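Okay, structure first, notes after.
The values are calculated or read from the model by the stated rules, or taken from the named source; none is laboratory data. In this text, all values refer to a predicted model and were calculated from it rather than measured experimentally. Neighbour counts run over all protein chains shown; Cβ positions are idealised from the backbone, glycine included.
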Amino acid sequence: MITDPLPVLCQNTLNQPALQGIAIPAYERYGLVPGVVHLGLGAFNRAHQALVFDDLLASGDTRWGVLGVATRSQKLADTLAAQDGLYAVRLANAAGTAWRVVGALMQTCAATRKPGMVHAAIANPATRWVTVTVTEKGYDQSLAALLVEGLRQRLDAGLGGLTVASCDNLSHNGDKLKALCLATSTDRVFSDWLTRTCRFPNSMVDRIVPAATAQCAEEAAAALGVRDNAALFSEVFWQWVIEDNFVAPEDGRVISSAGVTVVADVGPYENAKLRMLNGSHSALACIGILMGLNTVFDGVSHPGLQRFIRQLMRVEVMPHLTRPALPEYGEALLQRFANPEVKHGLHQIASDSSQKIGLRWVPSIAAQLQAGASVDHHAFAAAAWMRYWLAEDEQGRPYAISDPRAAELTQLARTHQGSMEDMAIAFLAVRAVWGEALGQHPVLKRAVVHWLREIAAKGTEAALQDFLASQSGAADGC
């Protein structure tokens, strides 16, 4: 017997019987003109900001439809176009899971194939916002050129500026994107117009969104009765904190109605997220990969590794942060990490680590050293990070490393693997990671050399147990 394949999720299949009881777009999508151009059409944006805009559309505010621009992958843009921009997100926490079909994505395009379409969309009179979600390495000239040309066409058309909201892990992201745009143009008239009419609010975004896998599509098909080639998994928790700095001042009130936190200063939230959530993630990834673990859940389920992360946050990170309710925030992070339904891969977190740990670890290390306090936890994590570059775990299983410095740092590790002291010194001398002087600080250098030797001699598991025994006086509660 031949079974007909499942229909593809699209506007015409939203009436499938299996979708009854599933949250679907509660508004008429046909004919809506996007008011937001989003650059960086990946999993995070589709499971975060897109849901906020979906809620605003459902409230009756039709200005928040999205044109999603894939800045690198043409395939994703085409997949979503074939589904009329619809896709499902499975949201999970300790209480259970629920599926939601998101409808905010009205159109998609690939910037590498149709840059002119992106420019025209930014210059469209209906466009009010541009949102940007890229990795730290994504703040490059190609991004700036794409944005600047669209804004230049707005100027030529006699239109006003836009709110350009960066929604990623880069510190002071709005300020840096504005500076990048200004540096890209030599036209004084354009630069004056951009400075006068556009706004680049800084923001902090937080939601754990693992990379999409075949399992996402399989579970979506089982739950929805349709084939969704762009399905995602995520956690229930989300947070978007954004600076009160918009072209239309009322936008702050509007997005607040959908749960966004609008503040005068994003800094305290941004620093806490980067150093506690992202910093802990990077430490979990580097240590856990060596131990043969696969996900954040695996890592935080290991008693010793969970204790290490709790101490790292409590002893070396939190003393230098000012976000409200830090102990509660730290404990909530551990609970989120322990969500078995969010299979966040350690190798995904470890990707591009040469560009991440400077943001995630270095400020805490520098602050601790300045205060004359311990940097042992970060030193242990740094030692694990250096061993990670040998590209095989302690069971001898090789793994691929995704990083713009992969060739350089893998070679550095292999060249010095005969001497852990030499390896530590060589890695600490990489100024692009540690800055001009931090890697040469004798306290940090001594601690990293010691723990890299211990990891190499005993294995990460045993070295971790020795480390925890040596920290018997450290605070264990967030």
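Every residue in segment 410-424 that is in contact with a Ser or Thr (Cβ under 9 Å, 6 or more places away or on another chain) and either farther than 15 Å from Trp389 by Cα or surrounded by 16 or more Cβ atoms within 10 Å (Cβ to Cβ) (or both), please.
Met423 - this is the single residue of segment 410-424 that is in contact with a Ser or Thr (Cβ under 9 Å, 6 or more places away or on another chain) and either farther than 15 Å from Trp389 by Cα or surrounded by 16 or more Cβ atoms within 10 Å (Cβ to Cβ) (or both).
Take the residues in segment 242-294 that are among the basic types (Lys, Arg) and buried (at least 21 other Cβ atoms within 10 Å of the Cβ); name whichever of them is farthest from Asn173 (Cα to Cα).
Of everything passing the filter in segment 242-294, Arg275 is farthest from Asn173 (Cα to Cα).
Scan (1) crowded, with 17+ Cβ neighbours inside 10 Å; (2) in contact with a Gly (Cβ under 6 Å, 6 or more places away or on another chain) for the single condition Val375 breaks and write down its number.
Condition (2) is where Val375 drops out.
What are the residues in segment 21-43 that are buried (at least 24 other Cβ atoms within 10 Å of the Cβ) and outside any loop (DSSP other than H, G, I, E, B), if any?
Residues satisfying the conditions are Val36, Val37, His38, Leu39.
Just need a number here: residues in segment 426-456 that are small (Gly, Ala, Ser), part of a helix (DSSP H, G or I) and either without any contact (Cβ under 8 Å) to a residue 24 or more places away in the chain or surrounded by 13 or more Cβ atoms within 10 Å (Cβ to Cβ) (or both).
4
Taking Ala18, is it part of a helix (DSSP H, G or I), assigned by TED's automatic domain parsing to the domain that holds Asp168, more than 19 Å from Asp168 (Cβ to Cβ) and touching a Ser or Thr at 6+ places or on another chain (Cβ under 8 Å)? I'd like the intermediate steps shown before the answer.
Numbers: part of a helix (DSSP H, G or I): yes; assigned by TED's automatic domain parsing to the domain that holds Asp168: yes; more than 19 Å from Asp168 (Cβ to Cβ): yes; touching a Ser or Thr at 6+ places or on another chain (Cβ under 8 Å): no.
For Ala18, the condition - part of a helix (DSSP H, G or I), assigned by TED's automatic domain parsing to the domain that holds Asp168, more than 19 Å from Asp168 (Cβ to Cβ) and touching a Ser or Thr at 6+ places or on another chain (Cβ under 8 Å) - is not met.
Go through Met204, Met291 for me and flag whichever is among the aliphatic types (A, V, I, L, M) and not assigned by TED's automatic domain parsing to the domain that holds Ala123.
Working: Met204 fails: not assigned by TED's automatic domain parsing to the domain that holds Ala123.
Selected residue: Met291, the only one of Met204, Met291 that is among the aliphatic types (A, V, I, L, M) and not assigned by TED's automatic domain parsing to the domain that holds Ala123.
What helices (runs of 4 or more DSSP H) completely inside segment 276-390 contain at least 1 residues that are closer than 26 Å to Leu409 by Cβ and hydroxyl-bearing (Ser, Thr, Tyr)? Reasoning before the result, please.
Numbers: elements: 279-290, 296-301, 303-311, 326-337, 346-350, 353-360, 362-370, 376-388.
Output list reads 279-290, 353-360, 362-370, 376-388.
Kindly establish whether Ile401 is part of a loop (DSSP other than H, G, I, E, B), out of contact with any Lys or Arg (no Cβ under 8 Å at 6 or more places or on another chain) and among the hydrophobic types (A, V, I, L, M, F, W, C).
Yes; evaluated as a whole, the condition is true for this residue.
Can you tell me which of Ala157, Ala165 is in contact with a Pro (Cβ under 7 Å, 6 or more places away or on another chain), at pLDDT 95 or above and among the hydrophobic types (A, V, I, L, M, F, W, C)? Reasoning before the result, please.
Numbers: Ala157 fails: in contact with a Pro (Cβ under 7 Å, 6 or more places away or on another chain).
Matching residue, one of Ala157, Ala165: Ala165.
Which count do you get for residues in segment 57-76 that are more than 19 Å from the chain's Cα centre (by Cα) and buried (at least 23 other Cβ atoms within 10 Å of the Cβ)?
Residues that pass the stated criteria total 5.
Please enumerate the residues belonging to segment 260-307 that are farther than 23 Å from Asp476 by Cβ and aromatic (Phe, Trp, Tyr).
Listed by number, the list holds a single entry, Tyr269.
Return the only residue of Arg128, Arg152 being among the charged types (D, E, K, R), closer than 22 Å to Leu57 by Cα and surrounded by 15 or more Cβ atoms within 10 Å (Cβ to Cβ). Show your work before the answer.
On the way: Arg152 fails: closer than 22 Å to Leu57 by Cα.
It is Arg128.
Please tell me if Arg90 is of a type in the set (Lys, Arg), in contact with a Ser or Thr (Cβ under 6 Å, 6 or more places away or on another chain) and assigned by TED's automatic domain parsing to the domain that holds Ala231.
Considered against the rule, which asks whether it is of a type in the set (Lys, Arg), in contact with a Ser or Thr (Cβ under 6 Å, 6 or more places away or on another chain) and assigned by TED's automatic domain parsing to the domain that holds Ala231, Arg90 comes out as yes.
I need a count of the residues in segment 370-406 that are touching a residue at least 24 places away in the same chain (Cβ under 8 Å) and touching a strand residue (DSSP E or B) at 6+ places or on another chain (Cβ under 7 Å).
Residues flagged as touching a residue at least 24 places away in the same chain (Cβ under 8 Å) and touching a strand residue (DSSP E or B) at 6+ places or on another chain (Cβ under 7 Å) within segment 370-406 amount to 1.
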